[in-house]
Amino acid sequence: MKVRFLCFALALSSGLSAQKGQIKGRVYDEINNEPLPFANVVIEGTTTGTSTDVDGNYVLELEPGLYNVTASFVGYTNKTEYEVQVSRSRPIVINFALSESNQTLGEVSVTAQDRITRKDESPVSVSTLGINEIQRNPGGNQDISLVIQSLPGVASTPNFRNDIIIRGGAPNENSFFLDGIEIPSINHFSTQGSSGGPVGLLNVNFIREVDLYTSAFPVEKANALSSVLDIKLKDGRSDKIGGIFQVGASEVGLTLEGPLSEKTTFLASARRSYLQFLFSVLELPFLPTYNDFQVKIKHKFDEKNQLTFIGLGAIDQFKLNLDANETETQQFQLAFLPVNEQWNYSVGAKFTHFGEKSYTNFILSRFMLNNVAYKYEDNDEVNGQQLLDYQSQEIENKLRIENFRRSNGWRLTNGLGFEEIKYQTSEVDLRVPPEAEARNYETDLRLYQYYIFSNANRSFWDEKISLNLGLRLEGNSFNAKTANPLSQISPKVAFTYNINSELSFNANYSIYYQLPPYTSLGFRDTNYSLVNKDLTYISTQHMVAGFAYYLPFNAKISLEGFYKIYANYPFLTERGITLANLGSDFGVIGNEPAVSSSQGRAYGLEFLYQQKLYDGWFGTLAYTLVKSEFEDAAGNLVPSSWDNQNIITLTGGKKFGKNWEIGMQYQFLGGAPYTPTDIATSSLVQVYDLNRRGLPDWSRFNELRFDNFNRVNIRVDKKWFFESWSLNVYFDVQNLLGQAVDGEPLLALNRDAQGNPIILNPGAPANQQRYDTKLLENGNGTRIPSIGIIVQF
């Protein structure tokens, strides 16, 4: 009996040991991919650790939970991976790419700055988020565009869109990269000519880490005016097939990953929304449906050569709910909302070759957007007049070659790129004010863009001082001025002075250029002539300076001042405003007459406290004071549409025992300016019948402001870890306080007892007749609770 009991106890002990989770991976030199043998890999705050073998590989066995993992090697800068979620169902792969240190070996020590990784090429205005920070963000709905709103300098549009507004810049001033491959669109139902939308299409289960640069952009990724979002994807698991099944607030999705061969891994996902069913129950006048697909395949030929392929696609459909036609607001929205259908895809391949002291990336990618919109009078496609018929395609084919080299303590980046751009549009739009011509044109535009770049950075005096120098030249075949790269020279100078091991002073001066949207470049008149043929690149100068203080408990405090100067922004001559003020609404922007004449500026101050996981606590506090101004028709600087002035975001949470976690987010957004409605013009019968809504009074541009907006989001997570699978159930509430989101008042018609619009002066000539109108409040304070289930296997 004792022998049987002893055998049972040994078997149980063995089984429990086998049920531990694993963290494994590789520690290597980031430049040549050579393994770093006998490097230390330790779990922060514990005595648990190991050393890598001769191939740089390591394995740690741990109980399920969240851990911070640090890798170190003599002569290299330490690196910490925060909040690594260990489970029994799958090994977690964490690879550490370490960079050589310029410190004298005898003086190397672990400092607070080593714990929160800095970017040598961008010492200012960069923030990093890990996957757990993204997934658990309260109210973020695992949408990366919403999650980064917790960072300094990032404003939001509270009208349930995820436009990225950085330091007072417009939503079209940002660029996005996945594993170094540029992705022009990361949203469903995206606004053509801008970059925002209501829902993100990136699957966060693919993401490993996100860097947001709001200045000092890497020279190879500088196709932006306000920010670069650099998203690093994880590799698929190499041991067996696994995946994640997820049901959330608005969608259901499945992610699979695993080996395709001994040297090839994959990640693939598909998601579909069910918003249309929810919106139908809520009797909303529009029913959106979206689908997206994502894939990553990585093949390692050997340790010196590897190939990465990514694909991303979306199919978006939008139809009107004609049964939701009872309230005045429903009737108003049905009267002017067009039917919109959109699809897009991005595909790209990156081949990486590692040399002895450098590595080179060859990146080839293609993007295509197809956008269709139409509108019939009274939504009658049989008898009603067609007010809008819009069909458009954008195609971008891109090649970029970049080399990263280490030489005598310098880190050097050099490269070049070439792009072919195709833009085709057919548009008939009768919904215009009386003084403007109806849109009725076709365009077929082909452009070629080219650029070269170089960057050098090095630290001196045992890393007391760090200097970064960059240069980028670019041109485009649109016209003679854009074709000359010497007209678009982008210098970059960044400087760091480490006052001590915790405190540093950082500064940056740089200039960036961005081509106006294709909708502006390709706009033609009825004679097929380019209307905006003299447009040129938009430019902005960045001046940034501030301090960063690193605390020993995985925290960072930073204070930065910034000043941006804009030049050559397209000025929309019919409206008398700058294009920079548009982009946070659905549809298309930029397809109208414009000249490159507008100037602007944005300046302010940012404060950030970022607490990585420490003793179960995590969070960020970000405050931004910003002033954003662009010229009006008279050449005076007036507040832009992004002049929120004060932005506060507090995000925090606590991890409790038994795998419970709670998070809360508070957002304060200063009221943004808006332009009042031109009631006199909009109420004209001929005008209202075409537009079915109020037109802005551009002579009173941004005279009014919305109220300040406060929002509280909460989220509670509970995780269970089983031998071959894990379960995460969460409860999330967006806008817990139920505060109404202000919108521009809606200009609606007063009607008689029979429901017919009232005309104030029926005896007047037809072009002078005027409807009896009224303004409806446009606010929505809906709380949005949701329950999500994530099954990982």
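Points to keep in mind about this one:
- Residue-level check: of (1) over 30 Å from Ser280 (Cα atoms); (2) free of Cβ contacts under 8 Å to residues at least 40 places away in the same chain; (3) not basic (Lys, Arg), Val252 misses just (1).
- Cβ-Cβ contacts under 7 Å between residues 6 or more apart (or on different chains), taken from a first residue in the stretch 572-599 that is farther than 18 Å from Ser641 by Cα and modelled with pLDDT of 95 or more to a second residue that is of a type in the set (Lys, Arg) and surrounded by fewer than 20 Cβ atoms within 10 Å (Cβ to Cβ), are absent.
- Unique match (being under 30 Å from Val493 (Cα atoms) and modelled with pLDDT of 90 or more) among Val228, Val247, Val252: Val228
- Residue, modelled with the lowest pLDDT, within the stretch 433-449, restricted to residues that are within 32 Å of the chain's Cα centre (by Cα) and surrounded by 13 or more Cβ atoms within 10 Å (Cβ to Cβ): Arg439
- Selected residue (criterion: surrounded by the most Cβ atoms within 10 Å (Cβ to Cβ)) from residues of the stretch 633-685 that are touching an Asp or Glu at 6+ places or on another chain (Cβ under 7 Å) and of a type in the set (A, V, I, L, M): Ala672
- Within the stretch 26-77, the only residue that satisfies the criterion of being in a loop (DSSP other than H, G, I, E, B), among the aliphatic types (A, V, I, L, M) and touching a Lys or Arg at 6+ places or on another chain (Cβ under 8 Å) is Ile31.
This table checks each residue for (1) buried (at least 18 other Cβ atoms within 10 Å of the Cβ); (2) touching a His at 6+ places or on another chain (Cβ under 7 Å); (3) touching a residue at least 60 places away in the same chain (Cβ under 8 Å).
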position: Val687; (1), (2), (3): yes, no, yes
position: Leu690; (1), (2), (3): yes, no, yes
position: Ser699; (1), (2), (3): no, no, yes
position: Asp707; (1), (2), (3): no, no, no
position: Phe721; (1), (2), (3): yes, no, yes
position: Tyr730; (1), (2), (3): yes, no, yes
position: Asn756; (1), (2), (3): no, no, no
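- The condition of being hydrophobic (A, V, I, L, M, F, W, C), under 14 Å from Leu225 (Cβ atoms) and crowded, with 23+ Cβ neighbours inside 10 Å holds for only one of Ala580, Ala567, that being Ala580.
- When the residues of the stretch 214-272 are filtered to those that are part of a loop (DSSP other than H, G, I, E, B) and of a type in the set (Lys, Arg), the one that is nearest to the chain's Cα centre (by Cα) is Lys234.
- The residue that is surrounded by the most Cβ atoms within 10 Å (Cβ to Cβ), among those in the stretch 584-600 that are in contact with a Ser or Thr (Cβ under 7 Å, 6 or more places away or on another chain) and polar (S, T, N, Q), is Asn591.
- Answer residue from the stretch 108-135, given it is at pLDDT below 65 and buried (at least 20 other Cβ atoms within 10 Å of the Cβ) and is farthest from Phe562 (Cα to Cα) among those: Arg115
- In the stretch 83-100, the residues that are surrounded by 20 or more Cβ atoms within 10 Å (Cβ to Cβ) and either at positive phi or modelled with pLDDT under 90 (or both): Arg90
- Considering only residues in the stretch 54-75 that are more than 29 Å from Trp660 (Cα to Cα) and surrounded by fewer than 20 Cβ atoms within 10 Å (Cβ to Cβ), the one that is nearest to the chain's Cα centre (by Cα) turns out to be Asn57.
- Residue check for Val712: within 24 Å of the chain's Cα centre (by Cα), surrounded by 14 or more Cβ atoms within 10 Å (Cβ to Cβ), in a strand (DSSP E or B) and without any contact (Cβ under 8 Å) to a residue 60 or more places away in the chain: yes
- Subset of the stretch 410-462 [of a type in the set (D, E, K, R) and within 30 Å of Leu690 (Cα to Cα)]: Glu427, Asp429, Arg431, Glu435, Glu437, Arg439, Glu442, Asp444
- Any hit, the stretch 211-226, residues being within 30 Å of Ser726 (Cβ to Cβ), touching a residue at least 40 places away in the same chain (Cβ under 8 Å) and touching a strand residue (DSSP E or B) at 6+ places or on another chain (Cβ under 6 Å): yes
The values are calculated or read from the model by the stated rules, or taken from the named source; none is laboratory data. From a predicted model like this one, the values you see are computed outputs, not experimental measurements. Reconstructed Cβ throughout: ideal geometry from the backbone, glycine too, with neighbour counts over all protein chains shown.
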